[in-house]
Amino acid sequence: MERSLSTVPVGTRKRRGEGHTRREEILLAAKELFLREGYDATTIRRIADVVGVSAPALYLYFRDKDAIMLALCDQTFSLLIEVMEGLEQQPLAPLDRLRRCGAAYIRFALDHPREYWLTFLSGNTPEAVKKSGHRPETIDPDAPGSKGAVAFAKLMGIFRDIETSGLQLHYPVETAAELVWMSLHGLVAALVNNPHFPWTRRDMLIEGMLDMTVRGVVKVK
């Protein structure tokens, strides 16, 4: 996923049907600039210059920086959704799927620390996401910025399956899902923000957090 900034010459035009390529170039350039120079310091004109188009041409793809950030967040969540859908295809008991999902979330974050930081830790949550939140029943799954809610709905589905299997939760499904995410996010944030800190064994920290999280929300017999 690591790539350098685009060096497309200014004025280069895409042929008919290649607009999706330009869109990806814009997202790549914006991501690199947001990470390197900061979201607030990055302007639409700066992104357009890196891509090699005029600012008016860029507006044909994205109306503003928030729209670009929404698309970048959707990219990250789409990768997480792929992982979760892969687990859905495996013959796992619901409790095992919860643990595997948590481990996959941590692994994804540590494998993609820049994307994770930009989406979850940079403090640049788009206004549309702040207003709508993560509750899937209030969100169009095809709308920009909806992929986080789609991923959260899948996490809640795991908890519903756990209840259906006969186990009880300590909290309502939505609260249990929020607690799991908050717990795993805390571990990931510490590891991503301080990768060289002399933590104890990383594998033990991950396994311990998964143990604490599962037992904290599910009444395990």
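Just so it is clear, none of the values below were taken in a lab; they were calculated from the coordinates. Given the structure is predicted, the values throughout are model-derived calculations rather than measurements. A quick note on method: Cβ atoms are made from the backbone with ideal geometry, for glycine too, and the neighbour counts reach across all protein chains shown.
Placing dummy labels 7 Å off each Cα toward the beta-carbon, the span from ARG107 to ALA93 is 2.1 nm. Stretching ASP49 away from ASN193 to a fully extended chain increases their span by 48.8 nm, per 0.36 nm per residue minus the current alpha-carbon distance. Placing a pseudo-label 7 Å from each Cα along the Cα-to-Cβ vector at LYS219 and THR175 gives an inter-label distance of 1.4 nm.
Listed from fewest to most Cβ neighbours within 10 Å, the set HIS196, HIS134 follows the order HIS196, HIS134. Measure nothing fancy, just the Cα-based angle from helix 173-193's long axis to the longest principal axis of the chain, in degrees from 0 to 90, nearest 10. The angle comes out near 60 degrees. Of the listed values (1) 137; (2) 121; (3) 111, grab the one calculated as volume of the Cα convex hull per residue in Å³ from the structure here. Label of the calculated value: (1). Distant-in-sequence amide contacts of VAL218, defined by a placed amide H-H separation under 5 Å and a gap of 5 or more residues or a different chain, comprise HIS170. From least to most packed, judged by other beta carbons within 10 angstrom and beginning with the fewest, GLU82, GLU88, GLU178 follow the order GLU82, GLU88, GLU178. Each of MET212 and LEU60 was given a label point 7 Å from its Cα along the Cα-to-Cβ line. The distance between the two points is 5.2 nm. Computed from backbone phi with θ = phi - 60° and the Karplus coefficients 6.51, -1.76 and 1.60, the 3J(HN,Hα) list for region 69-78 is 5, 4, 5, 5, 4, 4, 4, 5, 5, 4 Hz; x is used for glycine and proline. Fewest-first ordering of SER183, SER122 by other beta carbons within 10 Å of each residue's beta carbon gives SER122, SER183.
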